[in-house]
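Working notes, structure below.
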Amino acid sequence: MLGLRYIQCFLLLLCSIIVNVHAKSAIGSRTLIVFDDRVDDLSNYSNFFNLLKDHEFDITTLELSDKSTKINLFEKDTRLYDNLILFPVKGKLYSKQLAAKKLIHFNEDGGNILALTIPKVSSDPIHLYLNQLGIYPSPRTQSLKDLFQDSNNNNLQFTAKESIENKIIYSNENAEDSIYNFGDSVSAALLDNREQIIPLLKASRTSFTSGNKTREINWTDGTQGYLIAGFQNLVNARSLWLGSVQFLSNEHFKQNLDLINDLIQWNFQEKNIIKVTNVNHYHTESNLSYDELPYKVTDNITYTISLSQWDGSKWIPFITDDLQFELRQVDPYYRITMKPQGVSPIDPQAELYSTGDFKLPNRHGMFTFLTNYQRSGLSFIHQSDVKAIRHLANDEYPRSFEIPNAWVYLASIATVIISFIAFVLFFIATPASVSEGVTTAKKTN
Amino acid sequence: MSEIAEKIVVPDTAVTANENDTTTQKDGNCVSWIQSSLKTLIFIAIIIASISSRLFAVIRFESIIHEFDPWFNYRATQYLVNNSFKDFLNWFDERTWYPLGRVTGGTLYPGLMTTSAFIWHALRKIGLPVDIRNICVLFAPAFSAITAYVTYKLTCELKDEKAGLLAAAFIGIVPGYISRSVAGSYDNEAIAITLLMATFMFWIKGLKQGSILNSSFAALCYFYMVSAWGGYVFITNLIPFHVFCLILMGRYTSKIYVAYNTWFVIGTIASMQIPFVGFLPIKSNDHMAALGVFCLLQIVALGDFIKAKISEKKFKVIMWVSIILIMIGGIAGLFLLTYLGLIAPWTGRFYSLWDTNYARIHIPIIASVSEHQPITWPAFFLDTHFLIWLFPAAVFLMFMDLKNEHVFIIVYSVLCSYFAGVMVRLMLTLTPVICIAGAVALSKLFDIYLDFSPIFSTKKTGTTKSSVMTVLTRALVSASFIYYLYLFVHHCTWVTQSAYSSPSVVLPSQNRDGSMAIIDDYREAYYWLRMNTDYDAKIASWWDYGYQIGGMADRTTLVDNNTWNNTHIAIVGKAMASPEEVSYELLKEHDVDYVLVIFGGVLGFGGDDINKFLWMIRIAEGIWPEEVKERDFFVNQGEFRVDSQASQTMKKSLMYKMSYHGFPDLFPNGQGQDRVRQQVVTAADVEDLDYFDEVFSSENWLVRIYKLKDLDIEGRDLSDFAEFEKSKNTKRSSNKRPEIDLRV
């Protein structure tokens, strides 16, 4: 027994040591890197690969210049990799093997994708895939330029303060003045209005995308264009697009390290992962659940939900102040901001949120108890539960004698009954002859 | 046919029995014994005839619940049998009218369900555990036997037992009543006609005798009727109207006073105990006539009292002044109460009784029900055969012998003839009075012409020649009427088996060789739903199929045949009439998982959803006149087409796409021949469905079920998604700047 405890402690210690070095993905670490030697040399990115290895990613590299290479993302219906990194690749063969449909399938199945494009090479499948997500990188002929920057080496640099769009993913709050270098061959993208797109880094005001031909229309102008954009689909798999390969190269690696680290962590699901561990609603007074005592109109109900987040090694309570609960019947009847109640009593890894006591509307029907928490950068949470709220039964209304207004009517009923009985008694008791005499007298008038 | 033969013998024996009144006591005993045993025999024959003719449906098809409404009644009965009566009374049904739910316990007439539950429990008590389904299926035939007996008693009050027996035989087999009471037709009307006759029978008895007891029975029957059928309003208006006529005819007696007051007070208070009726008897205008006559009767009674006390001249003055005052006060009060909203405004159904076009223009939901259409002339003959021409003769005979109860029958027949002309379903209430009147007329005829006693008496008085002529004419007339009776029986049997015995859940058809085949697509589809979908799945379909889906597939529906919420029905109508993307959003908003449509184009079944489509459009247009326009569904010539000339709105509508999805592929060269509308639908006319997946089509494509696709995981429109899925893998990415709304 004691020995087991020791082993447990030791394992925990070991885990914490590893975690302190680098975080781990919440879903898995099998990573495939697709690369083409004809476009660039793999050794230029050794620092980036070392970073991935530090993150405990289990890396497989596929070199595509050799035509016999086969890319298999799936074995039958089982996904073989959790993460996919796509460097720009040339050639038609590749567009069949890594067709946009396959990439979509991979992503919809829960795989994360990091896609890179550069102006020099047009990788059709990657472009088509990104277009499906609503990200439109500039085409082959066009590249991003900024004539106001120092043009001694043609490198494009952007400051965090001006260009970083999403503060949830970008964790380094103190480094507002840090500058990121994207090299000299950069493509910018147009983004559509889809809410799943997370713009991360936008182009500077003085930049534009243009090609060699003069008649061509600029793909982007100024801050229309983006250089990095994330995308999270409805099953919470994440895609990331980078408009530059040199951004990851050894040459600029040190300068860009903190941003690269953030992007990797977000893209491959090491951070900003939240989940619901428990949902509950019950009668406030009696603590009875719906199954024990179905709800009826104007009951007092409490709704609670517990949320955890992944900190890179374990699940910890997730704390926020903008979590809302909705009670809907097509339209919302209630929208309550829930308050954190501290660590959940049944699950120490989760934070408990509660609406507090609220009264169900005076309307029967099927109602949806809904938590729909969708924030750019965090995992989406959509937790719904449809329950019937019944009307009052025939004996659940107040009795007539409990209502003061009804006393008038009760009294009048009683009066009628009593006076009728009195009349009948009086009628029976009175001798018949008395009335006889009167009628004959009247008739003759 | 044997029953009829026996029945005709009865008047004969009865007449001879009357003649022999003066014979000895012993002979009289013997005759009355023969009479009553014959009567019993006749009744047994009538009961067998009326029950067995209703069993065609079970024998030719099987023992199932028919049509639409009976499925709800059956489901409610099951609920009552499985739960307590209190649960039933407070039943909140969350599986219909999603997401509104229905307070079913408070919005149904519980008489039918409680009666069958009572029978079920009683049978179990005596050791006969019968399945509740069998009780429900055989409920209507059993009650038709009781109807025959009650009609007999009622007609006895009007004429005599001979007419009574004839009426009982008629009501037992007349198609107008069978149409709503075949085995499996477990509907409110099945029990309501029995109660209707019982109420009238007790009412006439009470009126004749001024008996409190009989009037109380009438009130109790009325209460039972209120608990069973919404048509109770007919009684609520007919009895006061009868009393009103009697007062106008100057026939006021204290008997009327006693009978009416007893019936009205007990009946009204009792009817208010039904949750669905509640305070309607003092609020709704449908009940105002009864209340008005009640007040009038008090005034008349007072007048009668005063008249007995004072002289004629003074009384006339008092009478005129009070009549004028009452008229003014009554009308003003009625206006004021309606204006203040204290009493319900005249309902749409009420208006449509007077103006057949009213509903079509103002309330499409009422007009869309086929039962609410005006009747056609042949239907009268089909439903009552030769009784329809005996009927006016009988009404004339009633005028000849104008007693109070005859006034009742006259009033009943006049009112009902009119209403049956307006609404097909009211034919049901007309049929009993036709049977009664026909029986009275026929028995009067037989009284004279079936009396062959002159043969025996001529020896003493008249000449042989004249007596032979008399006998000859009598024999001729009697023979011809017996032949009519034979035709009547023949006709009833034929109509019953050919027109009224189809359960409409399964459709009869014929194979090439003429043998009978059964089209069972409905049950096939409902069974598929029951077996292959989630228990909580929500099914959207036109409201006609709501009860069946609830009963047979046991799935939640959006709308059903209890059309209490017009807006909710309009939502389904709008979804069917709109283009896919609009419908998809609307249906998703209501958590719909499957959409069910009925399509008869393959089979040639005329009652399908495309033929009902105009009603869906009209109902939706009533709520969203900007979004759904009836005109857009017609081509320029004002035609409603489904082929290549159909309007664009029509082709884009969800109903069209769902009905014809894949239809042209069934035919060579993609020339789909729609067998209902006799038009050719080609593959080019039917656009693809992007937002829905076809999951089931029944054997003859009668029922088609579609599933709403899930939202795209990548957040695309499903039409974009479908386009992408269709594109080739080798497609190049475009160098053209996309036309998108840029981020703001």
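Readers should treat all values here as calculations from the given coordinates under stated rules, not as data from a laboratory. Not measured: the values here are computed from a predicted model. In this analysis, Cβ positions are derived from the backbone assuming ideal geometry, glycine residues included, and neighbour counts consider all displayed protein chains.
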(message) Report, to one decimal in Å, the Kirkwood hydrodynamic radius for segment B:519-710 based on all distinct Cα pairs.
(response) 16.6
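Please figure out what share of the DSSP beta bridges in segment A:21-267 is antiparallel and state it in percent, rounded to the nearest 5. List each step's numbers first, then the result.
Working: 25 of 43 bridges.
Around 60 percent of the beta bridges assigned by DSSP in segment A:21-267 are antiparallel ones.
Quote to one decimal, in nm, the extra length available between B:S515 and B:D131 on full extension: 0.36 nm per residue of separation minus the C-alpha distance between them.
Details: separation 384, 0.36 × 384 = 138.24 nm, distance 3.22 nm.
Contour length minus Cα-Cα distance gives 135.0 nm.
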(message) For segment B:635-744, I need the span (max minus min coordinate) of the C-alpha atoms along each principal axis, in Å, sorted largest to smallest.
(response) 51, 36, 30
(request) Determine the shielding of peptide A:187-197 by partner chains: average, over its residues, the number of Cβ atoms on other chains within 10 angstrom of each Cβ. (result) 3
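Provide the packing ranking of A:302-311, B:650-659, B:511-520, i.e. peptides ordered by the mean count of other C-beta atoms within 10 Å per residue, highest first.
With the highest mean Cβ count within 10 Å placed first, the list reads B:650-659, A:302-311, B:511-520.
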(message) Taking the alpha-carbon distance from B:K159 and a cut-off under 16 Å, which lysines remain once sequence neighbours fewer than 8 residues away in the same chain are dropped?
(response) B:K205, B:K208, B:K403, B:K444
(message) Taking the 0 to 90 degree range and rounding to the nearest ten, how far is the long axis of helix B:312-340 tilted relative to the main principal axis of chain B, both from C-alpha atoms?
(response) 10
(request) Compute the acute angle (0 to 90°) between the alpha-carbon long axis of helix B:161-173 and the principal axis of greatest extent of the alpha-carbon atoms of chain B; round to the nearest 10°. (result) 10
(message) Run the reach check for B:K651 against aspartates and glutamates, Cα to Cα strictly under 13 Å, same-chain hits fewer than 8 apart removed. What comes back?
(response) B:E580, B:D632, B:D643, B:D685, B:E687, B:D688
(request) Would you be so kind as to identify which of B:L586, B:L154, B:Y522 lies farthest towards the positive end of the dipole of chain B, taking Lys and Arg as +1 and Asp and Glu as -1 on Cβ and the Cα centre as origin? (result) B:L154
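For chain B, take N as its residue count and report Rg(C-alpha) divided by 2.2 N^0.38 Å.
Values: Rg = 31.1 Å, N = 744, 2.2 N^0.38 = 27.1 Å.
Taking the Cα Rg and dividing by 2.2 N^0.38 Å, one obtains 1.14.
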(request) Note down the nm distance, to one decimal, between modelled labels 7 Å out along Cα→Cβ at B:I448 and at A:D192. (result) 8.9
(request) Would you mind listing how long segment B:85-194 runs along its three principal axes, going by Cα atoms, in whole Å with the largest first? (result) 56, 36, 22
(request) Restrict the search to segment B:645-744; then list the GluC sites (Glu not before Pro) that DSSP places in a loop and that have at most 12 other Cβ atoms within 10 Å of their Cβ. (result) B:E739
(request) Treating each Cα of segment B:517-619 as an identical point scatterer and ignoring solvent, apply the Debye formula and state log10 I(q)/I(0) at q = 0.15, 0.16 Å⁻¹. (result) -0.62, -0.71
(message) Of all beta bridges DSSP finds with both residues in chain B, what is the antiparallel percent, to the nearest 5?
(response) 85
(message) Principal axis extents for segment A:273-389, Cα atoms only, whole Å, descending order, please.
(response) 45, 29, 20
(request) Filter the DSSP H helices in chain A by two things, a Kyte-Doolittle mean of at least 0.5 and an axial alpha-carbon span of 20 angstrom or more, and list the hits by number. (result) A:2-21, A:407-429
(request) Pull up the DSSP beta bridges for the protein assembly as shown and report the antiparallel fraction as a percent, rounded to 5. (result) 80
(message) Taking the 0 to 90 degree range and rounding to the nearest ten, how far is the long axis of helix B:233-248 tilted relative to the main principal axis of chain B, both from C-alpha atoms?
(response) 40
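Using the crude model of +1 on Lys and Arg Cβ and -1 on Asp and Glu Cβ, and no other charge, please compute the dipole size for chain B relative to its Cα centre, in debye to 20. Present the calculation step by step, with values, prior to reporting the outcome.
Details: 63 positive and 70 negative charges, 623 e Å.
My answer is approximately 3000 debye.
Equivalent ellipsoid semi-axes for segment A:96-141, as square roots of 5 times the alpha carbon gyration tensor eigenvalues: give them largest first, rounded to whole Å. Working shown, then result.
Values: eigenvalues 73, 23, 15 Å².
So the equivalent ellipsoid measures 19, 11, 9 Å along its semi-axes.
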(message) Below 18 Å, Cα to Cα, which lysines can B:K736 reach? Residues fewer than 8 away in the same chain don't count.
(response) A:K120, A:K213
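Sort largest first and round to whole Å: the equivalent ellipsoid semi-axes of segment B:212-318, each the square root of five times a Cα gyration tensor eigenvalue.
Those come to 30, 14, 11 Å.
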(request) Just rank B:F276, A:F420, A:F318, fewest to most, by other beta-carbon atoms within 10 angstrom. (result) A:F420, B:F276, A:F318
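Dividing the convex hull volume of the alpha carbon atoms of the protein assembly as shown by its residue count, what do you get in Å³ per residue?
For the protein assembly as shown, the hull spanned by Cα atoms encloses 301 Å³ per residue.
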(message) What whole-number distance in Å separates the alpha-carbon centres of segment A:338-397 and segment B:677-744?
(response) 36
(request) Can you find, among A:S143, B:G600, B:F380, the residue farthest towards the positive end of the dipole of the protein assembly as shown? Put +1 on the C-beta of Lys and Arg, -1 on that of Asp and Glu. (result) B:F380
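If we count other beta carbons within 10 Å of each Cβ, what is the order of A:R335, B:R618, B:R60, fewest first?
On the way: A:R335 11, B:R618 20, B:R60 14.
Fewest-to-most ranking of A:R335, B:R618, B:R60: A:R335, B:R60, B:R618.
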(request) Mind checking B:708-715 for the average number of partner chain beta-carbons within 10 Å of each residue's beta-carbon? (result) 6
(request) Take peptide B:94-101, look around each residue's Cβ out to 10 angstrom, count Cβ atoms belonging to other protein chains, and average those counts. (result) 5
(message) Which one, B:Q497, B:Q671, A:Y94, is farthest towards the positive end of the dipole of the protein assembly as shown when Lys and Arg carry +1 and Asp and Glu -1 on their Cβ?
(response) B:Q497
(message) When only alpha-carbon atoms are used, what values of Rg and Dmax, in angstrom, describe segment B:420-554?
(response) 27.6, 90
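First obtain the Kirkwood hydrodynamic radius of segment A:21-267 from its Cα pairs, then insert it into the Stokes-Einstein equation at 20 °C and 1.002 mPa s, and state the resulting D in µm² per second as a whole number. Intermediate values should be presented prior to the final figure.
Working: Rh = 18.2 Å.
Estimated diffusion coefficient is 117 µm²/s.
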(message) Given R₀ = 25 Å, what would the calculated FRET efficiency be for B:N29 paired with B:Q209, taking r from the Cβ atoms and rounding to 0.05?
(response) 0.35
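Calculate the translational D of chain A in whole µm² s⁻¹ from Stokes-Einstein, where the hydrodynamic radius comes from the Kirkwood formula applied to all Cα pairs, the temperature is 20 °C and the viscosity 1.002 mPa s.
Details: Rh = 27.1 Å.
Value of D from the Cα-based Kirkwood radius: 79 µm²/s.
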